[in-house]
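A quick write-up on the structure given underneath.
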Amino acid sequence: MNLACEWVTEWVTRLEGRGRDRALLQAKRLLVACLATAGRTEEAKSLLASIAAQCAEQGMVRYPLDGGPQVVPLLRALRDDQIAGRWPPEWPTVPRPFIDSMLESAVLYTR
């Protein structure tokens, strides 16, 4: 799985600054899944926070959730970090109502 993380990281790096914002967001979402699967949870949470902040600005509730089954547990962990005051200051701000709406949408989506 570490090889997959390396490849997707290279993809992200190649897309940065190229004006292909949607492709970059897709690559980052895939990287979240790779990092989570590889057990690199803190890195996955940090990147997911960045994606969630960007999606919150656009009202894109479903987009992060379509990143795979690893996303919902990570979102729960992000919400827990917010509640417990463990949100790292270097992470972008993600409105808690937005995280809650993503989690609510995930529950509705899986029914």
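The values are calculated or read from the model by the stated rules, or taken from the named source; none is laboratory data. Just so you know, these numbers come straight off a predicted model, no measurement behind them. Don't worry about glycine lacking a Cβ; one is built from the backbone with ideal geometry, like all the others, and counts go over all protein chains shown. For the accessible areas, the whole protein counts, side chains as well, though only heavy atoms, and no ligand, DNA or RNA atoms are used. Shrake-Rupley method; radii C 1.70, N 1.55, O 1.52, S 1.80 Å.
Which net charge results for the neighbourhood of Pro69, defined as the other residues with beta-carbon distances under 15 angstrom from its beta-carbon, given Lys and Arg at +1 and Asp and Glu at -1? All intermediate terms of the calculation are to be shown ahead of the outcome.
Numbers: positive: Arg29, Arg62, Arg76; negative: Asp66.
Net local charge, Pro69 excluded: +2.
Between the beta carbons of Glu16 and Arg62, assuming R0 = 25 Å, the FRET efficiency works out to 0.55 to the nearest 0.05. With helices as the sole contributors, the chain gives -23500 deg cm²/dmol at 222 nm; each DSSP H run of n ≥ 4 counts as -39500 (n - 2.57), and the sum is divided by every residue.
Taking the Cβ of Leu15 as the center, what net charge do the other residues with Cβ under 11 Å away carry, scoring Lys and Arg +1 and Asp and Glu -1?
Working: positive: Arg14, Arg18, Arg20, Arg22, Lys28; negative: Glu10, Glu16, Asp21.
Once positives and negatives cancel, what remains is +2.
Here the gap between Arg76 and Glu90, fully extended at 0.36 nm per residue and compared with their Cα-Cα distance, gives a gain of 3.1 nm. Building the convex hull from the alpha-carbon atoms of the chain and averaging its projection over directions returns 6.8 nm².
Local charge for Ala44 was computed over the other residues whose Cβ lies under 13 Å away, with Lys and Arg +1 and Asp and Glu -1, and equals +2. Counting only protein heavy atoms and a 1.4 Å probe, the chain has 58 square angstrom of accessible area per residue.
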